[in-house]
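Enquirer: Below is a structure I'd like to ask you about.
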Amino acid sequence: MTQQPSVILATASYDHTIRFWEAKSGRCYRTIQYPESQVNRLEITPDKRFLAAAGNPHIRLFDVNSTSPQPVMSYDSHTNNVMAVGFQCDGKWMYSGSEDGTVKIWDLRAPGCQREYESRAAVNTVVLHPNQTELISGDQNGNIRVWDLTANSCSCELVPEVDTAVRSLTVMWDGSLVVAANNKGTCYVWRLLRGTQTMTNFEPLHKLQAHDGYILKCLLSPEFCEPQRYLATASSDSTVKIWNVDGFTLEKTLVVLNVSGHQRWVWDCVFSVDGAYLITASSDTTARLWSMSTGEDIRVYQGHHKATVCCALHDGAESTAA
């Protein structure tokens with residue numbers, strides 16, 4: 001078995017490939033062909049052993065440390081594009097959301113779906129609350145729903161803007177905030193009231209007109225970024241904007257047209273574990289590593305032949321089931 005890299009960085013593209021990169025050097029060391037569909041989302045398991053690729057309509061799980069082009073498992077009960085995928089904190093189960101209108105939960109050790117929730121509209125985004133007992137989904141009709149995994153039911157519904165698709169959701173690592181980004185460039189921010197076991201108490205905190213175009217991804221900074229707290233918004237306007245969560249003031253705009261920087265839609269972004277860096281994926285075929293302190297791109301990952309639409313990074317400690 002090859003030595004596992006401490007930093008796992010993967011990207012996927014409309015060119016039907018998934019690529020693994022050496023984060024520091026920018027070298028691509030492994031390419032997986034994915035001929036049957038586009039890949040909409042990538043996620044790395046907490047123990048760094050597997051990469052989930054959400055396609056149409058399957059989810060495939062690949063071994064990070066193997067050279068095999070074949071997946072180790074396939075999850076097959078969605079009937080349309082899978083737009084969201086993620087893992088419970090110690091990797092026991094996986095969740096997904098699809099344009100077929102469902103949110104599903106999967107046991108990683110078995111190919112069948114364990115639970116299914118009906119959103120009644122195409123699901124664009126799903127996040128797991130840090131309490132590990134609630135999923136939040138956003139759909140094409142503008143609905144945000146909280147799925148209580150203990151009660152096995154929908155415990156809350158919100159519609160921040162009628163008939164405006166919710167493209168991306170993000171929850172602060174401590175469960176204190178949730179942000180929803182939509183197709184009109186707006187972010188809605190709610191405070192999740194502390195002191196309650198459930199997070200169904202949404203208190204409106206802020207409405208941020210972040211971009212003129214679509215927001216394709218919004219992401220709050222991780223725990224080890226503290227005391228700084230940032231919100232990153234990636235947009236079809238070719239920029240990623242970094243907002244200070246304290247007051248939602250604009251800190252930086254990541255864009256350098258011409259020689260470097262994204263000249264096309266920025267589809268995805270992910271923070272490093274300490275929040276010091278941000279990796280972005282763009283229609284200009286590249287992924288880029290940005291310094292949060294300077295706002296400059298310090299590495300370009302070139303190799304895809306079409307739009308790079310998603311990226312995944314795991315540069316923290318392995319988290320394994322007890």
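The values are calculated or read from the model by the stated rules, or taken from the named source; none is laboratory data. Source: prediction; values computed, not measured. Reconstructed Cβ throughout: ideal geometry from the backbone, glycine too, with neighbour counts over all protein chains shown. Surface areas here come from the heavy atoms of the whole protein model, side chains and all, with no ligands, DNA or RNA. Shrake-Rupley method; radii C 1.70, N 1.55, O 1.52, S 1.80 Å.
Enquirer: Report the normalised scattering of region 90-160 as log10 I(q)/I(0) at q = 0.12, 0.21 Å⁻¹, calculated by the Debye formula with identical scatterers on the alpha carbons.
Expert: Summing over Cα pairs of region 90-160 leads to -0.28, -0.85.
Enquirer: Per the Kirkwood formula on distinct C-alpha pairs, the Rh of region 47-116 is how many angstrom?
Expert: Taking every pair of different Cα atoms in region 47-116, averaging 1/r and inverting gives 12.1 Å.
Enquirer: Also, I was wondering about something else. With θ taken as phi - 60° and the coefficients 6.51, -1.76 and 1.60, list the Karplus ³J(HN,Hα) couplings across region 7-17 in order, rounded to whole Hz; mark glycine and proline as x.
Expert: 10, 10, 10, 9, 9, 9, 9, 5, 7, 6, 10
Enquirer: Placing +1 on the Cβ of each Lys and Arg and -1 on the Cβ of each Asp and Glu in the chain, which of P71, A210, I105 has its Cα farthest towards the positive end of the resulting dipole?
Expert: P71
Enquirer: Going by a ≥ b ≥ c, the root eigenvalues of the Cα gyration tensor, does region 1-96 fall in the rounded group (a/c under 1.5), the prolate group (a/b larger than b/c) or the oblate group?
Expert: Taking the square roots of the gyration eigenvalues as a ≥ b ≥ c, region 1-96 is oblate.
Enquirer: Excluding ligands, DNA and RNA, what is the solvent-accessible area per residue of the chain at a probe of 1.4 Å, expressed in Å²?
Expert: 41 Å²
Enquirer: Based on the alpha-carbon gyration tensor of region 158-243 and its eigenvalue square roots a ≥ b ≥ c, which shape applies: rounded if a/c is under 1.5, prolate if not and a/b is larger than b/c, or oblate?
Expert: It is oblate, given that a/c is not under 1.5 and a/b is not larger than b/c.
Enquirer: How many angstrom lie between the Cα centre of region 281-322 and the Cα centre of region 20-89?
Expert: 15 Å
Enquirer: Sticking with this one: With +1 on each Lys and Arg Cβ and -1 on each Asp and Glu Cβ, how big is the dipole of region 65-219 about its Cα centre, in debye rounded to the nearest 20?
Expert: 280 debye
Enquirer: How many lysine pairs does the chain hold where the Cα atoms are under 13 Å apart and the two sit 8 or more places apart or on different chains?
Expert: 4
Enquirer: Considering only protein heavy atoms and a 1.4 Å probe, what is the carbon-and-sulfur percentage of the accessible area of the chain?
Expert: Looking at the chain in its full context, I get 48 percent from C and S.
Enquirer: If you add up the charges near Q228, with Lys and Arg at +1 and Asp and Glu at -1, over every other residue whose beta carbon is less than 11 angstrom from its beta carbon, what do you get?
Expert: That works out to -3.
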